[in-house]
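Participant: This is the structure I want to talk about, given as structure tokens.
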Amino acid sequence: AAKRAGRNAYAIFDPTMTMSVLEEAQQRADLEHALEHDEFRVLYQPVVDMNTQRVTAVEALVRWQHPRDGLLGPYHFIAHAEANGLIVPLGRWVLRQACSQLARWRAESPAAAGLKVNVNLSARQFQYAGLVDDVAAALADAGLDPASLTLEITESMLMADITTAKETLHALRRLGVRLAIDDFGTGYSSLSYLKQLPVDVIKIDKTFVDEVHIDEDDVALVDAVAGLGQALKMQTVAEGIESSEQWDTLRRIGIDHGQGYLFGRPVSAGDIADLLEQPESVKHL
Ligand code: C2E
Ligand code: MG
Ligand code: MG
Ligand code: MG
């Protein structure tokens, strides 16, 4: 069982571990407390144009500023929140933060005029019947045009219940938001199915990027996804670019956008504002 006692209550969550009813109740109470006491933070990571290196979007990535354990990444709490359902209010909070933050950047700087924001959805959020209303409300309250928001979902979320997934995607599309498939290549979506979905962006998983500059097989795979993107009129983003060799290879293949430590780590909203004012600082974040 996951050890509640000791200082490692929020070790990386391993879904194969079983938690006692008491442990589960404690996790839930901790997360509820954190939500009520504003302990979550949103960091933003730049997504850049592969050719110009200009920041075209930022991805919202949640953190938990834990009073005892410090700043915790999503792998420490998202699975717990997913299991107990708190991901729905937490995800709604991230969505609302991201929308209002984009509106704030735009109000503060003309450099943010064309900027977009990406928000990750979890499986449970995607299945939640109030999702489309939540998204519409977040956009309206922030005064944001829907096309400025891209929602990221994974292949497994689409495959779990294809019929409902399709309906939800079309409802979101009718709102006018953009849709991205995250971690592409790690799931099992069939090509014929992908063709029917109103998806705008394919995000190629980092595992294909890691060795793309030295492994011909990865070049072939990424090249195939670039072709797929072109055929289906979907934009491509490569995730997890850390070196200029990877960048160079991916740009030659024709990948549209890139994201990774080479261009910028996830940073605070204030740091993004600075970066928009001084784009040349991208490399030094
Ligand atoms: P993701 O959506 O695929 O996000 C990209 C992850 O890769 C982020 O990790 C980011 O910090 C990391 N990353 C980006 N560039 C590089 C790089 O060059 N090298 C390396 N080693 N890593 C890089 P993070 O922030 O720890 O988030 C992990 C995952 O947690 C996300 O993967 C996403 O699935 C989930 N997540 C994050 N925020 C949220 C949220 O608000 N809601 C939900 N449902 N899930 C979230
Ligand atoms: Mg993502
Ligand atoms: Mg990803
Ligand atoms: Mg990932």
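Participant: If you project the alpha carbons of the range 30-151 onto the principal axes, what extent comes out on each, in Å, largest first?
Facilitator: 41, 32, 25
Participant: Cut-off is 10 Å between beta-carbons; in what order do M159, M19 appear when sorted fewest neighbours first?
Facilitator: Ranked by crowding around the Cβ, least crowded first: M159, M19.
Participant: Using only Cα atoms, find the angle between the long axis of helix 87-108 and the longest principal axis of the chain, and express it within 0 to 90 degrees, rounded to the nearest 10.
Facilitator: 50 degrees
Participant: Further question: Please give, to one decimal in nm, the separation of the simple spin-label points placed at K233 and L22, each 7 Å out from Cα toward the Cβ.
Facilitator: 5.9 nm
Participant: Two decimals is fine: what is log10 I(q)/I(0) at q = 0.18 Å⁻¹ for the range 236-280, from a Debye sum with one equal scatterer on every Cα and no solvent?
Facilitator: -0.59
Participant: If you don't mind, there's one more thing I want to ask. Can you give me the pair-distance distribution of the range 180-285, C-alpha pairs, 5 Å bins, whole percents?
Facilitator: Whole-percent P(r) values from 0 Å outward: 2, 12, 22, 21, 17, 13, 8, 4, 1.
Participant: Once the chain is represented by equal point scatterers at the alpha-carbon sites, with solvent omitted, what log10 I(q)/I(0) does the Debye formula produce at q = 0.08, 0.13, 0.15 Å⁻¹?
Facilitator: -0.35, -0.95, -1.25
Participant: Same structure, new question: Using Cα atoms only, what is the angle between the long axis of helix 244-253 and the major principal axis of the chain, expressed in degrees (0 to 90) to the nearest 10?
Facilitator: With both axes taken from Cα atoms, the answer is about 60 degrees.
Participant: With +1 on the Cβ of every Lys and Arg and -1 on the Cβ of every Asp and Glu, and nothing else charged, how large is the dipole of the chain about its Cα centre, in debye rounded to the nearest 20?
Facilitator: Dipole size: approximately 660 debye.
Participant: Which one, N120, T186, A231, projects farthest toward the positive side of the charge dipole computed for the chain from Cβ point charges (K/R +1, D/E -1)?
Facilitator: Value: N120.
Readers should treat all values here as calculations from the given coordinates under stated rules, not as data from a laboratory. Note that the structure is predicted; figures quoted are calculated from it, not measured. All Cβ positions, even for glycine, are placed from backbone atoms using ideal geometry, and neighbour counts span all protein chains on display.
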